[in-house]
1. Please order GLU23, GLU13 by the number of other Cβ within 10 Å, starting at the fewest.
2. With charges only on Cβ, +1 for K and R and -1 for D and E, what is the dipole size of the chain about its Cα centre, in debye, rounded to 20?
3. Report, in whole Å, the centroid distance computed from the Cα atoms of region 40-82 and region 6-33.
4. How much mean residue ellipticity at 222 nm does the chain get from its helices, if each DSSP H run of length 4 or more adds -39500 (n - 2.57) and you divide by all residues, to the nearest 500 deg cm²/dmol?
5. Note the angle between two axes, namely the Cα long axis of helix 16-29 and the longest principal axis of the Cα atoms of the chain, as a number of degrees from 0 to 90, rounded to the nearest 10.
6. So which residue, out of LYS35, LYS46, LYS70, gets the largest mean-square fluctuation from a GNM of the chain using Cα contacts under 10 Å as springs?
7. Would you mind checking the tilt of helix 33-81 against the longest principal axis of the Cα atoms of the chain, expressed as 0 to 90 degrees and rounded to 10?
8. Debye calculation, C-alpha points only, no solvent: report log10 I(q)/I(0) for region 1-76 at q = 0.13, 0.15, 0.17, 0.26 Å⁻¹, in the same order as the q values.
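Derivation of every value follows stated rules applied to the coordinates shown; laboratory data play no part. Only a predicted model underlies this, so the values are computations on that prediction, with no experimental measurement involved. A quick note on method: Cβ atoms are made from the backbone with ideal geometry, for glycine too, and the neighbour counts reach across all protein chains shown.
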Amino acid sequence: MPLMDNSKKILVEFPNDLLQATEQAATAMGTDRSKLIRYAVRAFLKKRARIRFERELAEAYRTNDEFNRKLTQESDAANEVF
């Protein structure tokens, strides 16, 4: 089987049970083992990137929440002067 453009062939070790499950899944999906593994790695990396983004977004919300509270407190203090 020829390699895709910009592809590298690698050696990956699988425990026998995981290899057997992978081969069964590939057969059930009508694809080959390499395509299934590439799909699984892409899906894992996409999920990992989404989790990282969600964590960063949550941190931004927390940071802005603190900033907004301080701003409100300063505004309330300034309004008390008048």
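1. Details: GLU23 14, GLU13 6.
So the residues, fewest neighbours to most, are GLU13, GLU23.
2. Working: 15 positive and 13 negative charges, 124 e Å.
In debye, rounded to 20, the chain gives about 600.
3. 41
4. Values: 2 runs with 63 residues, N = 82.
The helix contribution divided over the chain gives -28000 deg cm²/dmol.
5. Helix 16-29 sits roughly 90 degrees off the main axis of the chain.
6. Between LYS35, LYS46, LYS70, it is LYS70 that shows the largest mean-square fluctuation.
7. 0
8. For region 1-76, the Cα-only Debye profile gives -0.62, -0.71, -0.82, -1.18.
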